[in-house]
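The values are calculated or read from the model by the stated rules, or taken from the named source; none is laboratory data. Keep in mind the model is a prediction, meaning the values are calculated, not measured. Note that we place each Cβ from the backbone using ideal geometry, even for glycine, and neighbour counts take in every protein chain shown. Accessible surface is based on the protein model in full, side chains and every heavy atom, while ligands, DNA and RNA are left aside. Shrake-Rupley method; radii C 1.70, N 1.55, O 1.52, S 1.80 Å.
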Amino acid sequence: MPPLLDVDGHLLGLGMSLGGLLAVGSPSGQKCSPSTAGSTDSGDGAGDSDDGSVITQNLVTPLGSAFAASELAQDAPAEKSALAGFLGALRRVRCAEARADASLRDVVDSAMQAMRESSERHRPRHLAHMSGHEERTATLTWLVGAFEAMLFSDGLLFDTALLLDRFHAVTPDGAVQTRTREALLAAVCTALKLGLPEDMHHPVRQLVDHLGRDQVPFEDVMATELLLLRRLGFCVGTATAHDFLQVLGTRIAPEAGRCCECLAAFLLQLTLQDVQLHFRYEHVTLAAACYLLALGATVAPAAAFDILIEDLTVVIYPDLLPTEEVLKCSAEVRELWLRCSAWRHGHIDSSFALRVCEKFSQAQRCAVSTMPPCEVPPLMPREAGARRPAAPRYAALVKAKTAPAQAQAPASDHGRRHRTCRRRFAGAGAGARAGNN
């Protein structure tokens, strides 16, 4: 079967879903910065498509090409943004995978803007009929539990959820209800083919059969996947809110720490339950709102706030920073966080919230689901060395939990972040270039 193209003429499978494209890490679970060094896993892999596969998968830019691009970047003009400068400085560290990421310096700004435009073009906007939909909540609850058991990445969870929501938005409700299981597994199948090689630890058919408990014929899943692709115009792999969260965390995480990173991921995952909140704002706005709350709650240094503002202004919003939108979205996410506290203590029944809280109560995720909500901090630069106010009882909690939790961060995150960076950003650069031609 020839490679499939989306409506913009881009080759599917090139990693047009860009989540975590810029995240870089260290063997201890901390992200590599120009001042850190270390050794890590290396090697990108391209998965073989399974029988019945509809989409070409795992097309990865060779490591040698990444290093060649890095050499060319040394003679390039001055960096367009601080994020580009951060990536360019990685060529001086000892970590081989981090040095490979330095080749992204010259294309990061244009790719980020193309990423946002693609996300907005395909963001569902007609999901009012799904507010409080029990079937959707049950599906998300199952996805969180099943993906955690299968050791799938959070990026795959958001990719699958977005595919399902987009499919529901363009499909009559009754038509979806008749093939709910097939649609769910078809979305998982498509997300796997466009995702990371680490998620494809078994053949697609074996994974789908296992998730369906051998009760859904694989041929029916393939037929539904083809229907899903046709309904979506073969435009899949678009950026999710999780992708933007990882982009914004590229420079924030080394400054604010893993506890802040995990809290932002927890808040973003909670928003999946509220379909109106999750899709009312741009994906990048939602991700920024979650990070803003996490920075305030973990008493992050002023430099981390400045990084968030700088990357939003220079990379994502080159004309105007929508401060009011980010603050408004942060307030809504905080209300959801407050309701989550009631769910956790059994005052309100929410299986999805309980499942997410259980997931983020683990030590490797800094037990962030047990942290109390904070007020929405202001979105403005502060003087060097200043800290944002936080609830007094929470400041002590952060101090007690952050250090040991960071030490327990899984080392496997390091290799995954670097491979995500090169693979997905290579696709972003290719898409941006194709759009300009």
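A quick yes/no check of all residues on (1) open to solvent by 10 Å² or more (accessible area, probe 1.4 Å); (2) in contact (Cβ under 8 Å) with a residue 12 or more places away in the chain; (3) closer than 21 Å to E135 by Cβ; (4) of a type outside the set (V, I, T):
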residue: E182; (1), (2), (3), (4): yes, yes, yes, yes
residue: A186; (1), (2), (3), (4): no, yes, yes, yes
residue: A191; (1), (2), (3), (4): no, yes, yes, yes
residue: G195; (1), (2), (3), (4): no, yes, no, yes
residue: H201; (1), (2), (3), (4): yes, yes, no, yes
residue: D214; (1), (2), (3), (4): yes, no, no, yes
residue: M222; (1), (2), (3), (4): yes, yes, no, yes
(message) Which residue is modelled with the lowest pLDDT, if the candidates are limited to segment 84-100 and must be over 17 Å from I252 (Cα atoms) and in a helix (DSSP H, G or I)?
(response) E97
(message) For segment 289-327: of the residues being free of Cβ contacts under 8 Å to residues at least 24 places away in the same chain and part of a helix (DSSP H, G or I), which is most open to solvent (accessible area, probe 1.4 Å)?
(response) E324
(request) For segment 144-170, enumerate the residues that are part of a loop (DSSP other than H, G, I, E, B), among the polar types (S, T, N, Q) and under 17 Å from L228 (Cα atoms). (result) none
(request) Among residues belonging to segment 101-143 that are at pLDDT 85 or above, basic (K, R) and in a loop (DSSP other than H, G, I, E, B), point out the one that is surrounded by the fewest Cβ atoms within 10 Å (Cβ to Cβ). (result) R123
(message) Show the residue pairs meeting these rules: Cβ distance below 7 Å; 6+ apart or different chains; first residue within segment 88-111 and touching a residue at least 40 places away in the same chain (Cβ under 8 Å) and under 17 Å from V315 (Cα atoms); second residue surrounded by 23 or more Cβ atoms within 10 Å (Cβ to Cβ) and among the β-branched types (V, I, T).
(response) D109/V315
(message) Please pick out the residue among L277, L286, L229, L207 that is in a helix (DSSP H, G or I), open to solvent by less than 10 Å² (accessible area, probe 1.4 Å) and touching a residue at least 60 places away in the same chain (Cβ under 8 Å).
(response) L229
(message) Among the residues in segment 235-256, are any in contact (Cβ under 8 Å) with a residue 12 or more places away in the chain, farther than 24 Å from R121 by Cα and surrounded by fewer than 24 Cβ atoms within 10 Å (Cβ to Cβ)?
(response) yes
(request) Can you give me the number of residues within segment 301-312 that are of a type outside the set (D, E) and within 21 Å of the chain's Cα centre (by Cα)? (result) 6
(request) Could you please find all residues in segment 184-204 being part of a helix (DSSP H, G or I) and either within 17 Å of D165 (Cβ to Cβ) or touching a His at 6+ places or on another chain (Cβ under 9 Å) (or both)? (result) L184, L185, A186, A187, V188, C189, T190, A191, L194
